[in-house]
Amino acid sequence: RANQEESTDVTNDPLVKMFQSFRLNQEQRPLKIVRSSYQYLYDTTNSEYLDCVNSVSHVGHCHPAVVKAAAASMERDPSITGMDIDHGEMKYPDKLRQTLPHYLDTFLFCNSGSEAVDLALQLSTLHTGGTDAVVTDNAFHGSIGSVHHLSPKVFKANNMTKADWVHILAMPDLYRGQYQHGDPEAVHKYLSDARQVIESITQSGRKLACFIAEPMLVVPGMVIPSAAWLQEIYKMVREAGGLCIADEVQAGLGRVGSHFWSFQAQGVGPDILIIGKNIGNGYPMALVATSREIAAVLGDRIKEYGCSRMMDAVGCAVLEVLQEEHLMTAAMSVGKYLREQLTILQHKHDYIGDVRGLGLMVGLEVVWSKESKRPAREVAEHIIYKMKEENVILACEGYNRNILMMMPPMCFTRDNVVHLVQQLDKVLSELPRHCYPVEGSAPVFCPPVVHQSTVSEGRLGILQPQEEEDEEDQLASRENLEGPKHNYQDLD
Ligand code: PMP
């Protein structure tokens, strides 16, 4: 990919070197977290940090209701093998079933997302008699045994050879991919390329078992595919005899705001669902949800995947907190507010190339300049270190590791957004200004430039647009983001 090459040819730039030296400086002062509460982390000196990334603690770190349920179960419940536990009082499977389409009626419990992916792979090969799998580029579905083959992010980073039974689809990334915003045929072109990949499996005498993907491509770089793209891929996969597996480890459990599961927001019905450890708020539990018919291929082995009493207690507590604290509705409105505020920052700072996401999950592309779109990993890392000094925790992802990820616990508030955006604005304003007078030439150092014409301090100290009309138009379009089957790519 052109942008991967771009990211390697900048190492001798003085500006890049300067950012790398900041990094070394910071690495000497790693953060040591000793306790946590809701969306806050505390270090050895009891300093409080705002956690914008740990989505596993879905309803908040150490949420008292979850801790209480886990402790009570630990004190009371047996952990036994070879004897029947009385499952009569298990409530979790029924509660979970209420959130899912009726055909996903069989649950197979595991301890991690990776185990659930491994099991889904077994189910699809046994059910279809196929051998091959289709994945999206830069995907991560775990790193154990067979599962690492399904994770290009892992095998590419470690220079491992791609297994011949794995086939990779390009992400429909309209910002940085091969086909971009402005090309009305972009989604069709991605689909046409995908069709070639899927058809080539049968043409080469092999048989497809499954397509596995996050319905919202979070780990590969917060790329929100258009519903049309995912729906069409599901059709192609089924025509080729494969099953469709949706990995909800990141985007599930109400995070997209409009729906409980992100596949629902995309208008697709997966054959197998991977649900990950946010269902345990950090307690190691995960599961595969599928139909009775598909699960039947396991025969007697199905008994190995039962729900333990502790999973039952913890899983129920997480669902109850989600409901009682209205966290799904909050994710929708707080997430929307976060994207609006970041979009305002984007107008102010040339380092922000793109702001995207859905519900309470946001990705921000850091670039050397909006015009060049050149991925600025060093700047992204520098921002993360500087934000840490401001007691705000961020992380980066993506091919070029230049995408700042915001996937906070679901109890994140509007006040947290205000604080995050103000600190980010401060850090960005203090960055040295770069410019490339001619594309590809060495950077020239300039003083920081703040585009005062487009933003001003608002009443609450949060950034407000001055050009009301433009911003309103923009927010009106973003409004549509929250509905099913819509995303920013559809609107372009
Ligand atoms: N799928 C996705 C999308 C993930 O992000 C992860 C890891 N967070 C996994 C699968 C694997 O889950 P686990 O770490 O529980 O094995």
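Quick notes on this one:
- Evaluated at q = 0.12, 0.15, 0.26, 0.27 Å⁻¹: base-10 log I(q)/I(0), Debye formula over Cα of region 197-249: -0.29, -0.45, -1.02, -1.05
- Directionally averaged projected area (convex hull, Cα atoms, region 99-143), nm²: 4.5
- Between the amide H of ALA209 and those of THR131, ASP132, ALA133, distances stay under 5 Å, these residues lying 5 or more places away or on another chain, with hydrogens modeled in the peptide plane.
- Region 315-337-region 92-126 distance, computed between alpha-carbon centres (Å): 22
- Packing order of peptides 363-371, 155-163, highest average first: 363-371, 155-163 (average count of other Cβ atoms within 10 Å over each peptide's residues).
- The separation of region 271-293 from region 210-252, counted between C-alpha centres, amounts to 16 Å.
- The order of the peptides 132-145, 301-314 by mean Cβ neighbours within 10 Å, most packed first, is 132-145, 301-314.
- Packing, as the average of other Cβ atoms within 10 Å across residues, places the peptides 248-256, 223-231 in the order 248-256, 223-231, highest first.
- Pairs spanning more than 26 Å between alpha-carbon atoms, out of LYS32/LYS95; LYS348/LYS373; LYS336/LYS426; LYS336/LYS388; LYS189/LYS336: LYS32/LYS95; LYS189/LYS336.
- q = 0.11 Å⁻¹: log10 I(q)/I(0) that the Debye formula gives for region 64-324, counting C-alpha atoms only: -0.61
- Under-5 Å amide H pairs with ASP354, H placed in peptide plane, nonlocal only: GLU365
- Size of region 70-214 as Cα extents on the principal axes (Å, biggest first): 59, 34, 32
Each value in this text was obtained by applying a stated rule to the coordinates, not by laboratory testing. All figures in this text were calculated on a predicted structure; none of them were measured in a lab. Cβ atoms come from the backbone with ideal geometry, glycine included; neighbour counts cover every protein chain shown.
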